[in-house]
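Accompanying notes for the structure given below.
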Amino acid sequence: MPAAFALLLAGQTKDIPGTPPDYRAPSVDYAALPKVDLPAVKEVLANGLARTPPMGWSSWNRFGTRIDDKTVREIADAMDASGMRQAGYQFVNIDDGWEGKRDDTGKIMPNANFPDMKALATYVRAKGLKLGIYSSPGPRTCAGYEGSYGHEEQDAKTYAEWGIDYLKYDWCSASRVWQDGEMRAAYQKMGEALEKSGRKIVYSLCQYGRANAGEWGAFTGGNLWRTTGDIGDRWQSMAEIGFSQSALAKFTRPGWWPDSDMLEIGNGGMTTIEYRTHMSLWAMIAAPLIAGNDLRTMTPETDAILTNKDVIAVDQDKLGKGGERIALHGDTEVWAKPIEHGDYAVAFFNRGEKQAEVSLKWADLHLGEKAKARDLWTHENLGSIPYGFVARVAPHGVVMLKVWK
Ligand code: GLA
């Protein structure tokens, strides 16, 4: 199946069939579609945002296109009440499914589920949070709603007028208009439009790991690039994504982050141990921490994983380095990430089905004979440890340390 169709279908799986009303836009005759001009490729100035990986929430993983104003407000309330805001989560992002029709002037209108976007943004801001939104460079989004094709500047202005602070820009139907080689210019078009909009808006490129966007995306004005296809709430899917991100560290830097997709923590398809591994991997990668569960009903256990300050500090470390796999033995992996002050975050992972011992010599990190360590999941300081560390790691589990001289 062509990728574009696969994506269109994937985008629709979260719609319960027959659920009225349906705000999807009519289908497009791509053969007859006039081609929108793309800008000559250049280096757009960085917007200066997202100096650490963005933290927040997005509607997609839990709600799909069944999202509305009331739910978003309640999520903002819950983000505050649960302590997530205080732990650093900031963005409340509406993913696909908010879009309605364009008016006579071509201005995008939200559908009836979002009666007043500006009022919603004001509500979210009053909670100390920021509102994010979603669109596509193509004529249609992945779930078949109106995209920004040919309306880039107008949409960027509209978002700015509403008080939007984050845009996820999802390739989707753009693959039926442009080749991957034109992707940079297509993303630049919106990057420049955002720059002109008069509002600083975090710009998230979503192109499923295609076209080496890690290399060029920052020059479109981007702050994040999607590194893989969509995550599912299953160990297999999460592990396949997370453990494949080691090579991206070379692109990662403040303002430019690898997006391994939104978190599934708390959605019910993995065990607590697996969700801890999920959170640890994303922090090691320096991926955005965008929760994807229903914050209104989450268990204290889910809340504790999402708000683990020691692990969040690794993700948010100001050096902005990505972690890398430094050892691989069968089902076990050791990852290390340089963090401020010459310290390291080290994660001992066990992808296997039986408990395993996973070890590391301090010399491998050039830390000398002895190092001090803190366990970032038990929050215990382990004192000064000679030679190295042997972690006993549960199946699908992790032991994560901060290590310093
Ligand atoms: C694509 C993206 C997802 C989500 C959906 C929405 O599949 O990769 O993250 O935004 O579209 O339709």
*Name the residues in the stretch 202-224 that are within 12 Å of the ligand (Cβ to nearest atom) and open to solvent by 10 Å² or more (accessible area, probe 1.4 Å), would you?*
208, 209, 210
*Is there a residue being under 27 Å from residue 136 (Cα atoms), hydroxyl-bearing (Ser, Thr, Tyr), within 15 Å of the ligand (Cβ to nearest atom) and surrounded by 24 or more Cβ atoms within 10 Å (Cβ to Cβ) anywhere in the stretch 74-97?*
no
*Residue tally, condition farther than 19 Å from residue 373 by Cα and in contact (Cβ under 8 Å) with a residue 12 or more places away in the chain, over the stretch 328-349*: 4
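This table checks each residue for (1) farther than 19 Å from residue 193 by Cα; (2) away from the ligand (no atom under 12 Å from the Cβ); (3) not in a loop (DSSP other than H, G, I, E, B).
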{"site": "112", "(1), (2), (3)": "yes, yes, no"}
{"site": "115", "(1), (2), (3)": "yes, yes, no"}
{"site": "119", "(1), (2), (3)": "yes, yes, yes"}
{"site": "123", "(1), (2), (3)": "yes, yes, yes"}
{"site": "138", "(1), (2), (3)": "no, no, no"}
{"site": "143", "(1), (2), (3)": "yes, no, no"}
*If residue 232 passes every condition in (1) among the small types (Gly, Ala, Ser); (2) assigned to a loop (DSSP other than H, G, I, E, B); (3) touching a residue at least 40 places away in the same chain (Cβ under 8 Å) but one, which one does it miss?*
(3)
*Just for strands (runs of 3 or more DSSP E) wholly inside the stretch 350-400: which have at least 2 residues that are under 12 Å from residue 332 (Cβ atoms) and without any contact (Cβ under 8 Å) to a residue 60 or more places away in the chain?*
356-361, 388-393
_I'd like to verify a number: residues in the stretch 43-66 that are surrounded by 15 or more Cβ atoms within 10 Å (Cβ to Cβ) and among the charged types (D, E, K, R), how many?_
1
*Consider residue 40 carefully, then state whether it is surrounded by 14 or more Cβ atoms within 10 Å (Cβ to Cβ) and either modelled with pLDDT of 95 or more or among the aromatic types (Phe, Trp, Tyr) (or both).*
no
*asked:* If I go through the stretch 280-312 residue by residue, how many of them are small (Gly, Ala, Ser) and closer than 24 Å to residue 359 by Cβ?
replied: 2
_Residue check for residue 183: within 16 Å of the ligand (Cβ to nearest atom), within 23 Å of residue 92 (Cα to Cα) and assigned to a helix (DSSP H, G or I)_ = no
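To keep it simple, each residue is scored yes or no on (1) at pLDDT 95 or above; (2) among the charged types (D, E, K, R); (3) farther than 27 Å from residue 152 by Cβ; (4) out of contact with any His (no Cβ under 7 Å at 6 or more places or on another chain).
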{"residue": "6", "(1), (2), (3), (4)": "no, no, no, yes"}
{"residue": "11", "(1), (2), (3), (4)": "no, no, no, yes"}
{"residue": "32", "(1), (2), (3), (4)": "yes, no, no, yes"}
{"residue": "45", "(1), (2), (3), (4)": "yes, no, no, yes"}
{"residue": "48", "(1), (2), (3), (4)": "yes, no, no, yes"}
{"residue": "82", "(1), (2), (3), (4)": "yes, no, yes, yes"}
{"residue": "88", "(1), (2), (3), (4)": "yes, no, yes, yes"}
*Conditions (1) crowded, with 20+ Cβ neighbours inside 10 Å; (2) over 22 Å from the mean Cα position of the chain (by Cα); (3) more than 27 Å from residue 34 (Cα to Cα); number of the one not met by residue 116*: (1)
*Positions within the stretch 236-255 being touching a helix residue (DSSP H, G or I) at 6+ places or on another chain (Cβ under 6 Å) and either surrounded by fewer than 20 Cβ atoms within 10 Å (Cβ to Cβ) or under 18 Å from residue 59 (Cβ atoms) (or both), in sequence order*: 251
*Residues 130, 168: which one is under 18 Å from residue 288 (Cβ atoms), assigned by TED's automatic domain parsing to the domain that holds residue 56 and within 16 Å of the ligand (Cβ to nearest atom)?*
168
*asked:* For the stretch 154-175, which positions are among the basic types (Lys, Arg) and crowded, with 21+ Cβ neighbours inside 10 Å?
replied: 168
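The values are calculated or read from the model by the stated rules, or taken from the named source; none is laboratory data. Nothing here was measured: the structure is a model prediction, and the numbers come from that model. Every residue, glycine among them, receives a Cβ derived from its backbone with ideal geometry; neighbour counts consider all protein chains shown. These area figures cover heavy atoms from the full protein model, side chains too; ligands, DNA and RNA do not enter into them. Shrake-Rupley method; radii C 1.70, N 1.55, O 1.52, S 1.80 Å.
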